[in-house]
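Notes for the one structure printed next.
What follows is calculated from the coordinates using simple rules that are stated; it is not laboratory data. A quick note: this is a predicted structure, and the numbers were derived from the prediction, not measured. Positions of Cβ are backbone-derived with ideal geometry, glycine not excepted, and every protein chain shown enters the neighbour counts.
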Amino acid sequence: MRRDPQSFGAAWQRDQELWLGAARRSMRPGARAAVVIGDGGGIDTLDSTRRAAEAVGMRVVACASIRSDLPVEERLQGNRRTEHALLLEAPFTLSPAFAPS
């Protein structure tokens, strides 16, 4: 990541789409999944997860975030990062690209 932050972001997004795609393929139409993820490495994981979910055919039903109100230097000591919860839903109709094989 330190050597090439741009490639880290692209690799992160690709990995997000891979694991969410695998989860999507295992879900029945209308099924829901909850994801909890924390920011880190300069990545806005809420935006990243939302984009990846939509890319693999899932719908974001709801999301919530929690952020510490401590000064940055205190948050870093206690590793209190911003965290997000997303509720994702598989659509009731499958596109051929996401149909289970």
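Mind sorting 15, 69, 39 by how few other Cβ atoms lie within 10 Å of their own Cβ, fewest first?
Values: 15 12, 69 6, 39 17.
Ascending number of Cβ neighbours within 10 Å: 69, 15, 39.
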_Given contacts defined as C-alpha pairs under 8 Å and at least six residues apart, what's the relative contact order of region 5-93, whole-number percent?_
40 percent
_3J(HN,Hα) from dihedral phi, region 59-68, Karplus parametrisation 6.51/-1.76/1.60, rounded to Hz, x for glycine, proline_ = 10, 7, 7, 7, 8, 8, 10, 10, 10, 6
*Would you tally the net charge around residue 86, using a Cβ to Cβ cut-off of less than 14 Å, leaving residue 86 out, and scoring K and R as +1, D and E as -1?*
-1
*Surrounding net charge for residue 57, when Lys and Arg each add one and Asp and Glu each subtract one, Cβ distance under 15 Å*: +4
*With θ set to phi - 60°, apply the Karplus curve 6.51 cos²θ - 1.76 cosθ + 1.60 along region 44-57 and write out the HN-Hα couplings as whole Hz, x wherever there is a Gly or Pro.*
7, 6, 5, 5, 4, 5, 4, 5, 5, 4, 5, 5, 9, x
*For region 5-93, what is the charge dipole size about the Cα centre, in debye to the nearest 20, if Lys and Arg each add +1 at the Cβ and Asp and Glu each add -1 at the Cβ?*
420 debye
